[in-house]
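Values quoted throughout were computed directly from the atomic coordinates according to the rules given, and no laboratory measurement underlies them. This is a predicted model, so every value here is computed, not measured. We place every Cβ from the backbone using ideal geometry, glycine too, and count neighbours over all the protein chains shown.
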Amino acid sequence: MIDKICTSVQAALAGIADGATVMIGGFGGAGQPGELIDALIEQGARDLVVVNNNAGNGETGLAALLKTGRVRKIICSFPRQVDSQVFDGLYRAGKIELELVPQGNLAERIRAAGAGIGAFFTPTGYGTPLADGKETREIGGRMQVLEYPIHADVALIKAERGDRWGNLTYRMTARNFGPIMAAAAKLTIASVHEIVPLGEMDPESVVTPGLYVQRVVKVPR
Amino acid sequence: MKKLDRNQMAARVARDIPEGAVVNLGIGLPTLVANHLPQGREVLLHSENGVLGMGPAPAAGHEDWDLINAGKQPVTLLPGGSFFHHADSFAMMRGGHLDFCVLGAFQVSVSGDLANWHTGAPDAIPAVGGAMDLAIGAKKTFVMMEHLTKSGESKIVPVCTYPLTGVGCVSRIYTDLATIDITPQGLRVLDMVEGLSLEELVRLSGVPMQQA
């Protein structure tokens with residue numbers, strides 16, 4: 001019997017290796033898997049590369065993970081926020097590497113990894129400092145930049161409902177990076193607020209089919 | 001001459017957003033445009049975090065933090081609205097499916113280059129978000145900004161001195177002084193605030209412009 005349900009967040013986070021690339025879902029607070037991030041801090045893996053849209057807010061969640069000093073590099077589109085003081089301090093002290101990526105390239109590079117795309121050309125960023133040193137080509141009368149996929153060892157995502165096969169639905173804009181990160185990582189761990197029996201989810205409404213998800217754990221709302 | 005205030009600028013932009021348009025309003029000043037779309041004109045608002053058919057801010061006490069816009073503020077969903085993941089959301093933008101996007105700017109060049117993400121200051125922490133995708137993706141990119149910096153320099157420039165967001169991507173500029181189209185033949189002034197002459201506008205801007 002396939003059963004991806006984990007009994008605790010600790011069990012769900014077991015086995016994440018030092019040096020891993022970890023995608024973390026969420027845009028601002030929506031879809032941020034806070035319980036899984038806390039469990040990753042407890043789990044203790046270090047020398048991590050983190051992929052997220054932002055670089056942490058306040059002192060909790062991703063900011064708390066950064067504060068442990070266990071993140072070597074962050075790949076994100078919008079690190080600077082009014083309350084990104086943890087990242088700002090590490091960055092100014094030279095203690096964290098930043099790869100700044102336009103948000104659409106971030107999403108598409110993650111999607112490309114999950115879809116087995118070797119690389120793609122896009123007009124986004126052409127002629128800007130973020131395309132410096134990258135291969136460019138004129139396609140369809142427009143200058144375009146070559147971008148490579150972002151693969152991950154682990155994805156930590158937050159969904160709304162899940163079942164033992166790993167099928168997921170999300171809630172409103174908390175969906176954001178969840179479905180594409182699930183496909184781009186070797187090990188996808190999803191927190192859900194509700195676990196339902198197999199077959200109860202409307203198959204027309206499943207957003208992330210279970211094959212993209214390895215572990216599901218229920219967390220309180 | 002009386003400059004337009006922020007709401008008057010937003011109302012001026014809203015006049016040019018037609019029924020049925022799909023629009024992304026950038027963070028800050030452009031967000032105000034939503035408040036000036038006339039009742040009954042159906043316009044689909046897109047927010048890049050994954051929502052189409054966005055409605056106004058919820059009443060106090062009715063915020064749902066799973067339903068936010070790209071500025072991370074709580075919003076509502078209109079009947080007919082939909083949610084989608086980030087790659088789909090940016091495909092709407094990058095695939096040319098949005099009719100308009102309205103962005104703020106530090107500088108716009110006479111050839112439509114846009115600088116709006118980074119001042120290039122050595123100690124500044126860079127952050128780009130969706131600005132580069134928005135700039136090149138929509139069918140028309142409108143910029144909404146004050147005409148002059150606080151020290152009185154024109155934000156419409158021969159060549160951008162700040163790092164670029166996109167090359168040749170801006171179609172039209174709305175400022176607190178004028179509405180200006182960027183055309184292959186140069187800048188064309190569509191309208192100006194009362195009491196401002198073309199000669200004075202050109203003098204303040206420091207770049208050539210003609211009446212449209």
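Can you give the average number of partner chain beta-carbon atoms within 10 Å of each beta-carbon in peptide A:35-48, as a whole number?
Numbers: counts 0, 0, 0, 0, 0, 0, 0, 0, 0, 0, 0, 0, 0, 0.
Mean shielding count: 0.
Would you list the P(r) distribution for chain A, with all Cα-Cα distances sorted into 5 Å bins from 0 and each bin expressed as a whole %?
Histogram of Cα-Cα distances, whole percents per bin: 1, 7, 15, 19, 19, 16, 11, 7, 4, 2, 0.
How large is ³J(HN,Hα), in whole Hz, for each residue of segment B:32-38 in order, when computed from phi with the Karplus curve 6.51 cos²θ - 1.76 cosθ + 1.60 and θ = phi - 60°, using x for Gly and Pro?
Taking θ as phi minus 60°, the curve returns 4, 4, 4, 6, 10, 6, x Hz for segment B:32-38.
Would you work out the charge dipole size for segment B:6-207 about its Cα centre, treating the Cβ of every Lys and Arg as +1 and the Cβ of every Asp and Glu as -1, and quote it to the nearest 20 debye?
Values: 13 positive and 20 negative charges, 46 e Å.
It works out to roughly 220 debye.
Show me A:100-107, A:195-202, A:179-186, B:111-118 ranked by packing, highest mean number of other Cβ atoms within 10 Å first.
Values: A:100-107: 27.6, A:195-202: 12.1, A:179-186: 25.9, B:111-118: 23.9.
So the order, starting with the most tightly packed, is A:100-107, A:179-186, B:111-118, A:195-202.
Among A:E99, A:E59, A:E138, which one shows the highest mean-square fluctuation when chain A is modelled as a Gaussian network with alpha-carbon springs under 10 Å?
Between A:E99, A:E59, A:E138, it is A:E138 that shows the largest mean-square fluctuation.
Could you sort B:11-23, B:173-185 so that the peptide with the highest average Cβ count within 10 Å comes first and the rest follow in order? List each step's numbers first, then the result.
Numbers: B:11-23: 17.4, B:173-185: 19.6.
Highest mean packing first, the order is B:173-185, B:11-23.
Starting from the Cα of A:K158, draw a straight line to each of the aspartates and glutamates and keep only those under 12 Å, dropping any in the same chain fewer than 8 residues away.
A:E35, A:E194, B:D66
Can you tell me how much longer the chain between A:E99 and A:S8 gets when fully stretched, taken as 0.36 nm per residue apart minus their C-alpha distance, in nm with one decimal?
29.5 nm
Given the DSSP H assignment, sum -39500 (n - 2.57) over each helix run of at least 4 residues in chain B and divide by its residue total; what's the result at 222 nm in deg cm²/dmol, nearest 500?
-4500 deg cm²/dmol
Mind ranking A:6-13, B:87-94 by how tightly packed they are, going by the mean number of other C-beta atoms within 10 angstrom, highest first?
B:87-94, A:6-13
Calculate the dipole size of segment A:1-50 relative to its Cα centre from +1 charges on Lys and Arg beta carbons and -1 charges on Asp and Glu beta carbons; express the result in debye to the nearest 20.
The calculated dipole for segment A:1-50 is roughly 100 debye.
Report, in deg cm²/dmol and to the nearest 500, the calculated mean residue ellipticity at 222 nm for chain A, where each DSSP H run with n ≥ 4 adds -39500 (n - 2.57) and the sum is divided by the residue count.
After summing the helix terms and dividing by residue count, I get -6000 deg cm²/dmol.
For peptide B:130-140, how many partner chain Cβ atoms fall within 10 Å of a residue's Cβ, on average?
The shielding value for this peptide is 6.
Go ahead and run the numbers for FRET between A:H193 and B:N35, Cβ-Cβ distance against an R0 of 30 Å, rounding to 0.05.
Once the sixth-power term is evaluated, E becomes 0.30.
What shape does segment B:6-207 take by its C-alpha gyration tensor, where a ≥ b ≥ c are the square roots of the eigenvalues and a/c under 1.5 counts as rounded, a/b above b/c as prolate, and the rest as oblate? Kindly include the intermediate steps, with their values, before the conclusion.
Numbers: a/c = 1.82, a/b = 1.49, b/c = 1.22.
The shape class here is prolate.
Roughly how big is the protein assembly as shown's charge dipole about its Cα centre, with Cβ charges of +1 (Lys, Arg) and -1 (Asp, Glu), in debye to the nearest 20?
360 debye
Please work out how much length the chain gains when fully extended from A:R137 to A:E42, using 0.36 nm per residue of separation minus the C-alpha to C-alpha distance, in nm with one decimal.
Extending this stretch completely gives an extra 29.6 nm.
What does the structure give for A:124-134 when I average, per residue, the other chain Cβ atoms found within 10 Å of the residue Cβ?
Taking the mean over all residues of the peptide, I get 6.
Could you tell me which helices of chain A pass both thresholds, a Cα extent of 15 Å or more along their own axis and a mean Kyte-Doolittle hydropathy of at least -0.5, with helices taken as whole DSSP H runs?
The answer, listed by residue number, is A:103-115.
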